[in-house]
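What follows is calculated from the coordinates using simple rules that are stated; it is not laboratory data. What you are looking at is a predicted structure, and each value in this text was computed from that prediction instead of being measured. All Cβ positions, glycine included, derive from the backbone under ideal geometry; neighbour counts span all protein chains shown.
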Amino acid sequence: MPTLEQVAQLISTTGKVVALTGAGISEESAVPTFRGSGGIWESYPPTIYANPPGLVMTLLWRPRRMADFIAEVFGTILRAEPNPAHYALTAMEEMGFLNSIVTQNIDNLHQAAGSKEVIELHGNLLKLRCMRCGHRKLMDRRKLEHMVCSFKRHSLSRLQILRELSRFFPKCDCGGRCRLDVVLFGESLPQDQFSLACKEMEHCDVLLVIGTSGAVYPAASLPCYARAKGAKLVEINPQSSSLSPLSDYLLMGKAAFILPRMVTVLRQLQQPSPQRGPSA
Ligand code: NAD
Ligand code: ZN
């Protein structure tokens, strides 16, 4: 079993380090992984609720159910706050030990923790994207909170729900319509973000693979690509995953436990070793 100290030593002596994160890193921010028990897919099957035709049909025929779904998903993300794992990655970036984070998460928690270089493979639930010019912008948090509150009111009629939703997707400055900046089933990844992620994989020396099961493609192919280009893989996960056989180091445990300790060791390694006095 590799130790955390060995991995910290590797990180501190190598060139470029990149992190690939998945739903597991946000588990301790009370954003359940979709697949786990209590995950949103238990009540809202992804075949319908992560699927464009399914969403349109639900909106038309079961607007009340759609309002419940939106209130639950946005309510969870709006309540969530970064946990020590997110802050540890920010600290590593500030200390110069981490170049970028490539995330599959849509919860905005890396940015909320202060990380600067964040590549979002599956979009961001708190952003809108113009369907004409591709411009992305963060939504107004207060308006979102207001919408979640109103959707929780069961007295809303179908028309009120539809009206509330249409207000929510304003036009872009270019005149184009905006949609949520999230990748749904059957949609391709944002090309700009995926190209950036591939470049990070090509040039990194160490890839930290944190809290992802490796089940969702093409994101799951990135560790394999990084490894083929010569990177060492360090997996941080309380369980082994389909990416574990590829990993050079497996640190088994929760990210919010392991990463802050990694930062502590990296800080110690950064300190100049005490000067030895001349021997008498
Ligand atoms: P996944 O649900 O398939 O797998 C989660 C992985 O995290 C598992 O391997 C699990 O063992 C591990 N894990 C659980 N708790 C952990 C912890 N405390 N520390 C470290 N690891 C932990 O997640 P995925 O691979 O990211 O794929 C799911 C897809 O669903 C992604 O596309 C993602 O966009 C989306 N998703 C996002 C969020 C979010 O934005 N927070 C939440 C759920 C799902
Ligand atoms: Zn536009």
Quiz item: Please report, for the Cα atoms of region 196-254, the Rg to one decimal and the Dmax as a whole number; what are they, in angstrom?
Solution: 10.5, 29
Practice problem: Work out the length of the dipole vector of the chain about its Cα centre, built from +1 on the beta-carbon of each Lys and Arg and -1 on the beta-carbon of each Asp and Glu, and round it to the nearest 20 debye. | Solution: 1040 debye
Quiz item: What distance in nm separates the simple spin-label points at residue 94 and residue 37, each placed 7 Å from Cα in the Cβ direction?
Solution: 3.8 nm
Quiz item: Can you tell me the Rg and Dmax of region 131-280, counting just the alpha carbons, in angstroms?
Solution: 23.4, 89
Quiz item: Rg(Cα) of region 118-209 divided by 2.2 N^0.38 Å?
Solution: 1.38
Exercise. Determine which lysines satisfy two conditions relative to residue 143: a Cα distance under 19 Å, and not lying fewer than 8 residues away in the same chain.
Key: 127, 152, 171
Quiz item: Helix 63-79 versus the longest principal axis of the chain: what angle, 0 to 90°, nearest 10, using Cα atoms?
Solution: 30 degrees
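Percent antiparallel among DSSP beta bridges with both residues in the chain, to the nearest 5?
Restricted to the chain, the bridges split so that about 30 percent are antiparallel.
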Exercise. Over the alpha-carbon set of region 11-132, divide Rg by the Kirkwood Rh and report the Rg/Rh ratio to two decimals.
Key: 1.04
Quiz item: Along the charge dipole of the chain, which of 98, 218, 238 sits closest to the positive end, that is, farthest toward it, with unit charges on the beta carbon of Lys, Arg, Asp and Glu (+1, +1, -1, -1)?
Solution: 218
Quiz item: Once amide H atoms are built 1.01 Å from N in the peptide plane, which residues 5 or more positions from residue 182, or in another chain, come under 5 Å H to H?
Solution: 124
Quiz prompt | Nearest-ten-degree value, helix 141-152 long axis tilted from longest Cα axis of the chain | solution = 50 degrees
Quiz prompt | Value of [θ]222 nm, deg cm²/dmol, for the chain, DSSP H segments ≥ 4, -39500 (n - 2.57) each, nearest 500 | solution = -12500 deg cm²/dmol
Quiz item: Considering only the other residues whose Cβ falls under 10 Å of the Cβ of residue 203, what net charge follows from Lys and Arg at +1 and Asp and Glu at -1?
Solution: 0
Quiz prompt | Sites residue 159 and residue 132 - FRET efficiency at Förster radius 25 Å, r taken between beta-carbons, to 0.05 | solution = 0.35
Quiz item: For residue 135, what is the net charge nearby, where nearby means another residue's Cβ is under 9 Å from its Cβ and Lys, Arg count +1, Asp, Glu -1?
Solution: +3
Quiz item: Given H placed 1.01 Å from N in the peptide plane, which residues other than close sequence neighbours of residue 20 have an amide H under 5 Å from its amide H?
Solution: 102, 208, 209, 210
Self-check item: Under Karplus coefficients 6.51, -1.76 and 1.60, residue-wise ³J(HN,Hα) of region 158-169 in Hz, glycine/proline x
Solution: 3, 5, 5, 5, 5, 5, 4, 5, 5, 5, 6, 10
Quiz item: Could you give the angle, 0 to 90 degrees to the nearest 10, between helix 84-94's Cα long axis and the longest principal axis of the Cα atoms of the chain?
Solution: 60 degrees
Quiz item: How many percent of all Cα-Cα pairs in the chain sit more than 33 Å apart?
Solution: 28 percent
